[in-house]
Structures are given as structure tokens and as C-alpha cells.
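Novice: Structure provided below as C-alpha cells; questions to follow.
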Amino acid sequence: MTSDPRAAITVALERALVGMGAGDTEVRLERPRDPSHGDWATSVALTLAKSLHKPPREIAEEIAAGLDLAGTLITAVEVAGPGFLNFRIAVASITEQLARIVVEDETYGHSATGAGERVIVEWVSANPTGPLHLGHGRQAALGDALCALLATTGWSVYREFYYNDAGTQMDLLAMSVRARYMQVLGERGELPDGGYQGEYVLDLAKEFHVQGADSYRGNNAQAALDTFRNFAVRRLRAEQDRDLADFRVRFDNHYLESSLLEEGRVDATLEALRTTGMVYEDDGAVWLNTTAFGDDKDRVMVRRSGAPTYFLPDIAYHVAKWERGFRHAINVQGSDHHGTVARVRAGLMALDLPDGFPEWVIHQMVRLEQGGKEVKFSKRAGAYTTLRELFEMVGVDVARYFFLMRKSETQLVFDLDMALDQSEKNPVYKIQYAHARMCSIFAKAGGEAAVAALAGADLTRVAHPTELALVKELAEFPEVVERAAAARAPHLLCEYLEQTSAAVNAWYHAGNPSRNPELAVLTPDPELRAARLVLACAVRVVLRNGLRILNVSAPVRMERALEESSAPPVT
């Protein structure tokens, strides 16, 4: 007997379609929005109406008649509406999912889709010119969750931060710190055009003065500017690393842009591109024929001054990724990098690297609001709220989750009022409360000893519609993880956890002995009690595993969660 009802339905449908001459049609099964319509449904008959020149309901009836469901746990097939096919599954088939969840425990939701293949994920990659802002925060959470999703689905993930520690922005930082340093000395110091205004620049200048006193007064030599640059970059890199670590983000490697120049990789890449015939000179600059690869215009790689534009080192960096043996690469970047995609990809394709290497995940920026009004300014940063200011205010759990709960390609309005709300109106607390309630049930039942005693429970006793609906939600978890990983979309997991926690809370509240004693988990009936404890255990597993992928804690008591909102995830 086939134990996976969805797989059984899919196989039966595919065979029936082959018999109708429509074997190349994709079969898609979905959960009906109305549970009374069954457990699974497909609209494949509506899809075939045009090609088969028949009414979809007639096609649905023909498919239903040709289905071979012998040896499955499908109890009924119904044709509904204009041509939907609805399937009903035996209760035993639904509830047996609980045993699988409890047995697999921490590995439930894991798969081998990636087959151990290596993938390098590069994200955050902020210029070390100031504190991390909210856009960096969204990217930090997004890249970290994406790495976890890929690892959960069987990929060997390598996490990398690319430090843009060379170029014009570094010169502006150095000149800004030097100008503030002169002001600290009581002399006139003019910030350069486009220089950095935040109070942190003054802090850097004061610290530099403490170490070097007035020894750099009036010293405008390039060597002195390099000293200011190196000092500022070192301090800001350390601050960014500290902020990211406190935000629970780690990397396997930090790759420096300056190393590409020092090792000659930029020059070598330029020479390799010249041999392709796609490079030409015009008006004293060196150009790449990016229009040959779909860009809207050709791009300058080397300015008339001899300095490379930003995308030539980017090409060299991705060549280095390829040479390090990575055949799969994902870049998570903000929408301000959107123009980079076509020109870097053109350069790589000119060098015969495959189209699609690397893959880009682009996210929109973050707008912070409180009381319906935008919150913009930070005294320290000068023009924006820093990531640290945010997560110290709302907690790491909330900040991470809010950054993840919307599609990355849409602008995110970070509602500070909702983030500070510690009730179930806050989606993070809604999920955490659901997990904590299951832990509370086990504490009342005797703790972990209660879990060990659940083997052999008659799971068919979990038969109330509220319970069966919850079991179906829990059984969806592995597929949701697969979809979220494949689509590079952690928000799908957020949506699932919120929906599941809503079903959990509905079941929990419905079982309040004062309201509905027949649904109470800790019922006097020992067999029913054991079956419902298995359900509670399965809920705990799914919510914990889902939150762990998002790197959000799964507290066992909400009081503890509120006191330690910035603590590392519970393991």
C-alpha cells in the first residue's frame, strides 16, 4: 500500500492522462481552501479543456473514471464545480504523518535535493564606510535564511562576505576622517564633496587623535591619507563584524576587493577579456561590448584615468569563485545593484562562463515607520537608522523575522509599533506562543518522560476536524521548505509558520476544558491523551525546525523569551 497519498494521487493522475493522450501535462495538487472539499484538489481538467476541445467537467469525469487508486489510502474522488477533482484521504493516512514527524524530529523537513553539491552564497558585502543600515539588515537576514534553507535541502553551503575596501568610497572615507581630525585639532577641516557626515566619522577622528596626537597636523601626503584610510576601515570592519555576529550571522570567509588588485586578478581579467575580441578603446577609456550579451549599452571597464570602474573587479571576483571550484553561486544584493547584473554577467559570458553564473537575489530597501510616519535619522549615522539601533530596540528575533516575512523583491515597511508589540498581534510572538504552549502541555504531562511514552499510541484517535486540519498543515512542512529553497524565498516559510501557528492556537484554545473539554489534550482518556500528546509533540517539532531555519528562537516559556529576546536560538 502506498503510504504517501499525494504521491499516489499524482501517479494515478499521470497514468490516467497518458491513457487520454495528454501525458505531457503537468499535474499540480493543492490543498482546497475549504476543508469540506477534501484533502487534495487539482484543476488539471480546466488546463486541458482547450487542447482536448471538451468541457472541463467532462474531462474531469473521464479522468476520475480512469483513475486506478487500488492499494492507496484514497477513500473518494469527486468532480466539483466547473471541473475540479477533489480527493479524500483515509484518517489513518493523515494521522500516520504524526509518527513520521516525531521519529524524524530535528531532521524533519530535511532532504537531499542538493545532493551535497557546493554553492557559494555571497551577501551583505557592505562598504566598510559606516555602520550597517536597515537595508544591510534585511540582506543579512535574507542571506542567512537562504543559506539555512539550502543546507536543509542538501546543499554544501559556503558563506562569503565581499569587502569593498578599495576605490573612490574608501578615498572619501579617508578624506572625511582627516577633515574631522583637523577639526579636533582646532583647525579648519573641509569635508570632501560626497564625504561622510555621520557622527561616527568624528568618533573615528577623535580615536585616531588619541593614538596619533597631532603628528598628522597639516600632513596631506598620500601616505598619511593611506594611514587614515587603513585606520578607519579597520575600525568600521570590526564594528560591522560585531553587529553581524550579534545579529546571529556568520561567514566562512571574508574576501577583500583589495586582494584582487594586489594579486593582479583585475589586470589578468582585463587581459583575458581583451583576447575575446569584446573589448575596445574609445575616447581614452576601455569598453566592454556588453550589448552583445543583452545589456542596453556598452560599459566602460577602465576610465581615462586608468582606474577600473566597479564592475571590472566584480568580474574578476566571480572568475575567482569559479576558479575556486564553485559551479553554483548566489549573490544576495540590494536593488541599487540591479544595474550590475547585466554587465557582470556579460563579462563572465564573454569569458565562456555559463549564463546563470552567478544567480542574483535582489531585495528592495526598508522603510521604518512608527505611528504611521517614517523614522529616518540616527544621530550617530547622520541619515539613517542603524541595524544595531533597530535590533537593540525590538530584539534580534523580531528584527530578523520582520526582515524575512515579505517577498524580497517588494519594498518592506518595517512597522515599529507592531515590532514592539509583545502580544500575538506580532507574528513572531504568535509563532513562539504556539511553540511555548506545546512545551507547557508536555511540562504538565510529565516533561520529556511523557514523550518517551508515546510510542505505540493509536493515532487514529486524532480524528476531530480541527485536529485533522492541523495534521495536514504539519505534513506540508517538508514541501514548503523545498519550495522556499528552490524559489530563494524565505517569506514562504514565514507564511507557513504563521498559518500553522494559527491552526495550533485554534486547536489549543478549542481544547480549553472550560470551553470544549472533549478537545482537551490532557484528557482523562489515556489512549486519546497519548494520541493528542503525539500531535502536540509534532507541532513542537515543526515550529522549532521552521524557526531554526530562520534563526529565530523557539522558547519553551514566553516569560523567558521576553526577558531574553536577544539571546541565541534555543537548541
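Novice: With +1 on the Cβ of every Lys and Arg and -1 on the Cβ of every Asp and Glu, and nothing else charged, how large is the dipole of the chain about its Cα centre, in debye rounded to the nearest 20? Walk me through the numbers on the way to the answer.
Specialist: Numbers: 61 positive and 77 negative charges, 165 e Å.
For the chain, the charge dipole is close to 800 debye.
Novice: Which one of His110, Phe84, Leu146 is farthest out on the positive end of the charge dipole of the stretch 83-155, using unit charges on Cβ (Lys, Arg +1; Asp, Glu -1) and the Cα centre as origin?
Specialist: Phe84
Novice: If the chain between Glu207 and Ala292 were fully stretched, how many nm would it gain, using 0.36 nm times the residue separation less the Cα-Cα distance? Don't jump to the answer; show the numbers that get you there.
Specialist: Values: separation 85, 0.36 × 85 = 30.60 nm, distance 5.05 nm.
Here the answer is 25.5 nm.
Novice: Here is a further query. Applying the Karplus parametrisation 6.51 cos²θ - 1.76 cosθ + 1.60 with θ = phi - 60° to the phi angles of the stretch 353-369, what ³J(HN,Hα) value in whole Hz is obtained for each residue in order, glycine and proline being reported as x?
Specialist: 7, x, 4, x, 10, x, 9, 10, 10, 9, 10, 7, 6, 10, 10, 8, 10
Novice: Antiparallel DSSP bridges in the chain: what percent, to the nearest 5? Don't skip to the end; give the middle numbers.
Specialist: Working: 21 of 43 bridges.
Of the beta bridges lying entirely in the chain, close to 50 percent run antiparallel.
Novice: Continuing with this model, one more query. Please name whichever of Phe247, Gly186, His53 sits farthest to the positive end of the charge dipole of the chain, dipole taken about the Cα centre and charges placed at Cβ: Lys and Arg +1, Asp and Glu -1.
Specialist: Ranked along the dipole, the leading option is Gly186.
Novice: Taking the alpha-carbon distance from Lys472 and a cut-off under 18 Å, which aspartates and glutamates remain once sequence neighbours fewer than 8 residues away in the same chain are dropped?
Specialist: Asp4, Glu30, Asp34, Asp39, Glu96, Glu104, Asp105, Asp458, Glu482, Glu495, Glu498
Novice: Would you mind classifying the chain by shape? Square roots of the alpha carbon gyration tensor eigenvalues, ordered a ≥ b ≥ c; an a/c under 1.5 is rounded, otherwise it is prolate if a/b is larger than b/c and oblate if not.
Specialist: On the way: a/c = 2.85, a/b = 1.59, b/c = 1.79.
Oblate is the answer for the chain, as a/c is 1.5 or above yet b/c matches or exceeds a/b.
Novice: Can you compute the charge dipole magnitude of the stretch 141-187 about its Cα centre, using +1 on each Lys and Arg Cβ and -1 on each Asp and Glu Cβ, nothing else charged? Give it in debye, rounded to the nearest 20.
Specialist: Result for the stretch 141-187 is approximately 60 debye, rounded to the nearest 20.
Novice: Work out the length of the dipole vector of the stretch 286-406 about its Cα centre, built from +1 on the beta-carbon of each Lys and Arg and -1 on the beta-carbon of each Asp and Glu, and round it to the nearest 20 debye. Working shown, then result.
Specialist: Details: 17 positive and 14 negative charges, 76 e Å.
Around 360 debye, computed over the stretch 286-406.
Novice: Starting from the Kirkwood radius over alpha-carbon pairs of the stretch 334-435, derive D by Stokes-Einstein at 20 °C in a medium of 1.002 mPa s and give it in µm² s⁻¹.
Specialist: Details: Rh = 16.1 Å.
This corresponds to a translational diffusion coefficient of 133 µm²/s.
Novice: Oh, and also: HN-Hα J couplings of the stretch 264-276 from phi, Karplus 6.51/-1.76/1.60, θ = phi - 60°, integer Hz, Gly and Pro as x?
Specialist: Per-residue couplings from phi come out as x, 5, 5, 5, 5, 5, 4, 5, 5, 5, 4, 5, 7 Hz.
Novice: Taking H placed 1.01 Å from N in the peptide plane, check which residues at least 5 places from Arg367 or on another chain put their amide H under 5 Å from its amide H.
Specialist: Leu412, Val413, Phe414
Novice: At 1.4 Å probe size, what's the solvent-accessible area of Leu404? Round to the nearest 10 Å².
Specialist: 0
Novice: I'd like the carbon and sulfur percentage of the solvent accessible area for the chain, probe radius 1.4 Å, heavy atoms only, ligands and nucleic acids excluded.
Specialist: Numbers: 12670 of 25350 Å².
Here carbon and sulfur together make up 50 percent of the probe-accessible area.
Novice: Ratio of alpha-carbon Rg to the 2.2 N^0.38 Å globular estimate for the stretch 38-83, to two decimals, please.
Specialist: Details: Rg = 11.2 Å, N = 46, 2.2 N^0.38 = 9.4 Å.
Working it through for the stretch 38-83, the quotient is 1.19.
Novice: Taking amide H positions as placed 1.01 Å from N in the peptide plane, with prolines and chain starts having none, which residues 5 or more places from Glu359, or on another chain, fall under 5 Å of its amide H?
Specialist: Under 5 Å from the amide H of Glu359: Ala329, Ile330, Asn331.
Novice: Let me ask something else about it. Please work out the C-alpha center-to-center distance from the stretch 112-155 to the stretch 31-59 and express it in whole Å.
Specialist: Each part reduced to its Cα centre gives a spacing of 39 Å.
Novice: Could you state the angle between the C-alpha long axis of helix 222-246 and the longest principal axis of the C-alpha atoms of the chain, as a value from 0 to 90 degrees rounded to the nearest 10?
Specialist: 20
Novice: Once a ≥ b ≥ c are taken as the square roots of the eigenvalues of the Cα gyration tensor of the stretch 445-500, is the result rounded (a/c under 1.5), prolate (a/b larger than b/c) or oblate (a/b not larger than b/c)?
Specialist: Numbers: a/c = 2.75, a/b = 1.94, b/c = 1.42.
Here the stretch 445-500 falls in the prolate category.
Novice: Filter Lys407/Lys444; Lys297/Lys321; Lys407/Lys430 down to the pairs with a C-alpha to C-alpha distance above 28 Å, please. Spell out each step's value before the answer.
Specialist: Numbers: Lys407/Lys444 39 Å; Lys297/Lys321 26 Å; Lys407/Lys430 20 Å.
Checking Cα-Cα distances, Lys407/Lys444 exceed 28 Å.
Novice: List the aspartates and glutamates whose Cα lies under 19 Å from the Cα of Lys376, skipping any in the same chain that are fewer than 8 positions away.
Specialist: Excluding near neighbours in sequence, the set is Glu199, Asp336, Glu389, Glu392, Asp415, Asp417.
Novice: What shape does the stretch 182-266 have by the C-alpha gyration tensor, where a ≥ b ≥ c are the square roots of the eigenvalues, rounded means a/c under 1.5, and otherwise prolate means a/b greater than b/c and oblate the rest?
Specialist: Details: a/c = 2.31, a/b = 1.47, b/c = 1.57.
Oblate, since a/c reaches 1.5 and b/c is not below a/b.
Novice: What list of ³J(HN,Hα) couplings, whole Hz, do you get for the stretch 437-454 from phi and the Karplus terms 6.51, -1.76, 1.60, once you set θ to phi - 60° and write x for glycine and proline?
Specialist: 5, 5, 5, 5, 4, 5, 4, 6, 7, x, x, 5, 4, 5, 5, 5, 8, 8
Novice: Next question. The stretch 533-553 to the stretch 228-303: how many Å between their Cα centroids?
Specialist: Value for the Cα centre distance between the two parts: 42 Å.
Novice: Could I have the simple spin-label model distance between Arg217 and Leu185, label points 7 Å from Cα toward Cβ, reported in nm to one decimal?
Specialist: With each label placed 7 Å out from Cα toward Cβ, I get 0.7 nm.
Novice: If you average over every viewing direction, what projected area does the convex hull of the Cα atoms of the stretch 1-153 give, in nm²? Numbers along the way, then the final one.
Specialist: On the way: hull surface 55.8 nm².
Over all viewing directions, the stretch 1-153 projects a mean Cα-hull area of 13.9 nm².
Novice: Okay, next question. Calculate, for the chain, the solvent-accessible area per residue in square angstrom, rolling a 1.4 angstrom probe over the heavy atoms of the protein chains.
Specialist: Details: 25350 Å² over 571 residues.
That works out to 44 Å² per residue.
Novice: On average, how much area does the Cα convex hull of the stretch 370-519 cover when viewed from any direction, in nm²?
Specialist: Orientation-averaged projected area of the Cα hull: 12.3 nm².
Novice: Next question, about the same structure. So which trypsin sites (Lys or Arg not before Pro) in the stretch 289-389 are both in a DSSP loop and have at most 14 other Cβ atoms within 10 Å of their Cβ?
Specialist: When the trypsin sites (Lys or Arg not before Pro) of the stretch 289-389 are filtered for loop state and at most 14 Cβ neighbours within 10 Å, Lys297, Arg303, Arg304, Arg324, Arg327, Lys376, Lys379 remain.
The values are calculated or read from the model by the stated rules, or taken from the named source; none is laboratory data. None of these values were measured; they are calculated from a predicted model. All Cβ positions, even for glycine, are placed from backbone atoms using ideal geometry, and neighbour counts span all protein chains on display. Each accessible area value is taken on the protein alone, full model and side chains, heavy atoms only, with ligands, DNA and RNA left out. Shrake-Rupley method; radii C 1.70, N 1.55, O 1.52, S 1.80 Å.
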